[in-house]
1. What residues qualify as long-range amide H neighbours of residue 50, i.e. H under 5 Å apart, gap of 5 or more or another chain, H built at 1.01 Å from N?
2. Once you place label points 7 Å from the Cα toward the Cβ at residue 120 and residue 7, how far apart are they in nm?
3. Trypsin sites (Lys or Arg not before Pro) within region 112-149: which are DSSP loop residues with at most 11 other Cβ atoms inside 10 Å?
4. Place the peptides 70-76, 7-13 in order of packing, highest mean first, counting for every residue the other Cβ atoms within 10 Å and averaging per peptide.
5. Kindly express, to the nearest 10 degrees and within the range 0 to 90, the angle between helix 91-113's C-alpha long axis and the longest C-alpha principal axis of the chain.
6. Find the all-direction average of the projected area of the Cα convex hull for region 101-149, expressing the result in square nanometres with one decimal place.
7. Once amide H atoms are built 1.01 Å from N in the peptide plane, which residues 5 or more positions from residue 90, or in another chain, come under 5 Å H to H?
8. Mind sorting 141, 89 by how few other Cβ atoms lie within 10 Å of their own Cβ, fewest first?
Amino acid sequence: MRVPLKKNIVAWCWVGLWMVTIFSASTDLGSPERTSRIIGPFLRWLNPEVQQITVDRVQLVARKTAHAAGYAILAALLWNALGRSPSGWNRVTARRAIFITSAYAATDEIHQAFVPGRSALVGDVCLDTAGGILGIYLIWWIGRRSKKW
């Protein structure tokens with residue numbers, strides 16, 4: 001059973017929109033200096049005596065969690081757009097989604113190498129790929145729990 005063309009186009013539009021979102025976060029808009037303007041004041045509002053090292057640690061955890069979550073969403077959107085099997089789990093589609101997610105993570109880090117104030121980190125590619133794997137795993141787990149697969 002094939003997915004109707006309109007649904008397939010919509011699925012790929014979601015993938016494209018999410019990739020643009022990730023790309024925009026790789027510019028100066030997603031730099032540590034910008035995100036510290038949000039997290040630091042919020043933590044100081046919660047606790048005016050919070051130490052700077054605590055703010056820095058929370059910011060690091062928030063940024064790395066956002067990396068993993070963003071790429072988990074990308075992998076899930078790719079899994080859907082690549083033609084998930086209506087009858088259940090498809091390992092080939094899952095592997096393709098993870099591969100594309102990983103490749104996009106690598107290109108995203110290359111892009112950051114050319115953005116002032118940003119840097120390219122191999123560790124972030126690994127974290128992003130792990131996020132993609134987590135996204136695919138969650139799809140599999142939810143499918144198993146709902147007894148669809």
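1. none
2. About 3.9 nm, to one decimal.
3. 147, 148
4. Top of the packing list down: 70-76, 7-13.
5. That works out to roughly 30 degrees.
6. Numbers: hull surface 15.1 nm².
Averaged projected area of region 101-149's Cα convex hull equals 3.8 nm².
7. So residue 90 has HN proximity to 85.
8. Details: 141 11, 89 15.
By the 10 Å Cβ count, ascending, the order reads 141, 89.
Read the figures in this text as sums done on the coordinates, not as results from a lab. Everything numeric here is computed off the predicted structure, so don't read it as measured data. When we count neighbours, we look across all protein chains shown, and the Cβ atoms used for this are built from the backbone with ideal geometry, even at glycine.
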